[in-house]
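Take a look at the structure set out below.
The values are calculated or read from the model by the stated rules, or taken from the named source; none is laboratory data. The structure presented is a predicted model; accordingly, all values stated were derived computationally and were not measured. Positions of Cβ are generated from backbone atoms using ideal geometry, with glycine treated the same way; all protein chains shown enter the neighbour counts. Ligands, DNA and RNA are excluded from the accessible area calculation, which covers all protein heavy atoms including side chains. Shrake-Rupley method; radii C 1.70, N 1.55, O 1.52, S 1.80 Å.
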Amino acid sequence: MNHRTAAFAAAYALFRAAADHADHWGQSDFDAQCKGATDDAPVEYKHEDGTVTTVGTSGGRRACLHHVLQYSATQGLVLVAGTRVLGIRLHPAAVAAALAVSGLTHYAADRRVPQGLLQRLAKATGKERFYKLSDFGMNGAYCLDQSWHHSWETLAALIATVKADER
């Protein structure tokens, strides 16, 4: 196996592990509940102390941005630390570009406003019924969301390993 192939495999594994952690364990409940809020479809968020906050478009955008910044920071830290341990040197501009691709596409999918990007793509590709599935232990929107992220993380890993070198 050549160095670029190994660098890509490592970068993808690191991106994926970091993303899974950041998307599930790292994401705050507030961000998860409110990131799709709009003025037309507000979210009533009940805090642990019983108070309720109504979140509209502005708050939904902030919640999604907060999540994506935490998500991207986690991916960046794991990617840089992991490749350093593995003896892979990544070009800083390639890492920045990879994190931008992952973060921007994550925001686009996770904003999840009614008739948002993923729902429109599902409809255009004949997957709308799957997108709306929430039975039999399945949630189609979640499955398509994760597939979207995995696909873009593959591209991000390819970008991150441009000019990769051994330490």
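Listed here are the residues, each with its yes/no results for (1) surrounded by 14 or more Cβ atoms within 10 Å (Cβ to Cβ); (2) among the β-branched types (Val, Ile, Thr); (3) more than 19 Å from residue 31 (Cα to Cα); (4) touching a residue at least 40 places away in the same chain (Cβ under 8 Å).
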{"position": "107", "(1), (2), (3), (4)": "yes, no, no, yes"}
{"position": "122", "(1), (2), (3), (4)": "yes, no, yes, no"}
{"position": "126", "(1), (2), (3), (4)": "no, no, yes, no"}
{"position": "129", "(1), (2), (3), (4)": "no, no, yes, no"}
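Restricting attention to segment 33-56, does a residue exist that is under 28 Å from residue 159 (Cβ atoms), within 14 Å of the chain's Cα centre (by Cα) and part of a helix (DSSP H, G or I)?
Within segment 33-56, not a single residue is under 28 Å from residue 159 (Cβ atoms), within 14 Å of the chain's Cα centre (by Cα) and part of a helix (DSSP H, G or I).
Is one or more of the residues making up segment 150-162 over 20 Å from the mean Cα position of the chain (by Cα) and either part of a helix (DSSP H, G or I) or modelled with pLDDT of 90 or more (or both)? Don't jump to the end; show me each part of the working.
The first filter runs over segment 150-162 and keeps only residues over 20 Å from the mean Cα position of the chain (by Cα), leaving 162.
Within this subset, residues satisfying the condition of being either part of a helix (DSSP H, G or I) or modelled with pLDDT of 90 or more (or both) are 162.
Yes: segment 150-162 contains one or more residues that are over 20 Å from the mean Cα position of the chain (by Cα) and either part of a helix (DSSP H, G or I) or modelled with pLDDT of 90 or more (or both).
Please identify the pairs in which a residue from segment 36-53 that is over 22 Å from residue 141 (Cβ atoms) and β-branched (Val, Ile, Thr) has its Cβ atom under 9 Å from the Cβ atom of a residue that is modelled with pLDDT of 95 or more and open to solvent by 90 Å² or more (accessible area, probe 1.4 Å), counting only partners at least 6 apart or on another chain.
Partner pairs satisfying both residue conditions: 52/44; 52/46; 53/44; 53/46.
Can you tell me how many residues within segment 55-67 are under 22 Å from residue 97 (Cα atoms) and open to solvent by 10 Å² or more (accessible area, probe 1.4 Å)? Lay out the reasoning, then the answer.
Here is the first cut: in segment 55-67, the ones under 22 Å from residue 97 (Cα atoms) are 64-67.
This time we only want the ones that are open to solvent by 10 Å² or more (accessible area, probe 1.4 Å), so: 65-66.
Count: 2.
Could you look through segment 1-32, keep only residues that are modelled with pLDDT of 95 or more, over 15 Å from the mean Cα position of the chain (by Cα) and of a type outside the set (Gly, Ala, Ser), and pick out the one that is most open to solvent (accessible area, probe 1.4 Å)?
My answer is 29.
Do we have any residue at all in segment 141-155 that's over 25 Å from residue 63 (Cβ atoms) and either surrounded by 15 or more Cβ atoms within 10 Å (Cβ to Cβ) or not charged (D, E, K, R) (or both)? Explain how you work it out, then say what you get.
Here is the first cut: in segment 141-155, the ones over 25 Å from residue 63 (Cβ atoms) are 154-155.
Subset that is either surrounded by 15 or more Cβ atoms within 10 Å (Cβ to Cβ) or not charged (D, E, K, R) (or both): 154-155.
Within segment 141-155 (the criterion being over 25 Å from residue 63 (Cβ atoms) and either surrounded by 15 or more Cβ atoms within 10 Å (Cβ to Cβ) or not charged (D, E, K, R) (or both)), the answer is yes, since at least one residue qualifies.
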